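Take a look at the structure below.
The values are calculated or read from the model by the stated rules, or taken from the named source; none is laboratory data. As the structure is a computational prediction, the values presented were derived from the model and not from experiment. Cβ placement follows ideal geometry from the backbone for every residue including glycine, while neighbour counts extend to all protein chains displayed. For accessibility, only protein heavy atoms count, side chains too; no ligands or nucleic acids. Shrake-Rupley method; radii C 1.70, N 1.55, O 1.52, S 1.80 Å.
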Amino acid sequence: MHQTSSKVPTHKTRILVSACLLGQAVRYDGRYASRGHKQLLEWQAVGRVVTLCPEMAAGLPVPRPPAEIHQGQVLSDQGENLTDTFDRGAEIALQLCQNKKITLAILKENSPSCGSSFIYDGQFSGTKVRGAGKVTELLRNHGITVFSEEQIEEACCYLETTA
Ligand code: SF4
């Protein structure tokens, strides 16, 4: 029987989702962030999810040193400047969205790539500040709507109103 949900839109909009939100162990520490929010799993089951880890797509390994944004630059905790690599990951994410006509992304909050409302402050002190990661910034600059995993309801509303 065809799977249905009141929250799954009837059109074919696909959604870019951070790979670590769907059980893929791609984080810097070799872990995943979540096995998958129920709604994300429903969208995935009907073929509407495209997963990507932009940092891995740009060539970074797992595990990798933690990185944070400081004054627009992405620096590892060892002081290595990773800005070009993170920018490359953002470009890959944008190309994927444009190729697949994706206009909505749900990305992992707090990440220097995927954060959409908060990122860490660049001091590796565990302090969050308002801001967005490299991927989110680039996608938004190209008209793609980005929510975090904490805003699934908002993402559902977005899909319902743009269907
Ligand atoms: S770059 Fe994005 S998808 Fe990859 S581990 Fe970090 S938050 Fe998850």
Identify the residue in the range 109-118 that is crowded, with 24+ Cβ neighbours inside 10 Å and within 17 Å of Leu22 (Cα to Cα) and, among all such residues, is farthest from the ligand (Cβ to nearest atom).
-> Gly115
What do you reckon, is Gln123 over 15 Å from the mean Cα position of the chain (by Cα) and not in a loop (DSSP other than H, G, I, E, B)?
-> no
Restricting attention to the range 77-95, and to residues there that are farther than 16 Å from Pro63 by Cα and open to solvent by 40 Å² or more (accessible area, probe 1.4 Å), which single residue is farthest from the ligand (Cβ to nearest atom)?
-> Gly79
Checklist (1) among the hydroxyl-bearing types (Ser, Thr, Tyr); (2) outside any loop (DSSP other than H, G, I, E, B); (3) within 14 Å of the ligand (Cβ to nearest atom) applied to Tyr158, failing item = (3)
Looking at the range 2-40, which of its residues are more than 27 Å from Arg64 (Cβ to Cβ) and either modelled with pLDDT of 95 or more or surrounded by 14 or more Cβ atoms within 10 Å (Cβ to Cβ) (or both)?
-> Lys7, Val8, Pro9, Thr13, Arg14, Lys38, Gln39
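Looking at the range 84-104 only, could you name the residues that are in contact (Cβ under 8 Å) with a residue 12 or more places away in the chain and out of contact with any Ser or Thr (no Cβ under 9 Å at 6 or more places or on another chain)?
Thr85, Asp87, Arg88, Glu91, Ile92, Leu94, Leu96, Gln98, Lys100
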Of everything in the range 15-56 that's within 9 Å of the ligand (Cβ to nearest atom) and assigned to a strand (DSSP E or B), which residue is nearest to Ile106 (Cα to Cα)?
-> Val17
Residue check, Lys100 against (1) more than 15 Å from the ligand (Cβ to nearest atom); (2) under 17 Å from Ser18 (Cα atoms); (3) crowded, with 19+ Cβ neighbours inside 10 Å, all met but one. Which one?
-> (3)
Any chance the range 69-76 includes a residue that's of a type outside the set (S, T, N, Q), more than 15 Å from the ligand (Cβ to nearest atom), more than 23 Å from Thr145 (Cα to Cα) and touching a residue at least 24 places away in the same chain (Cβ under 8 Å)?
-> yes
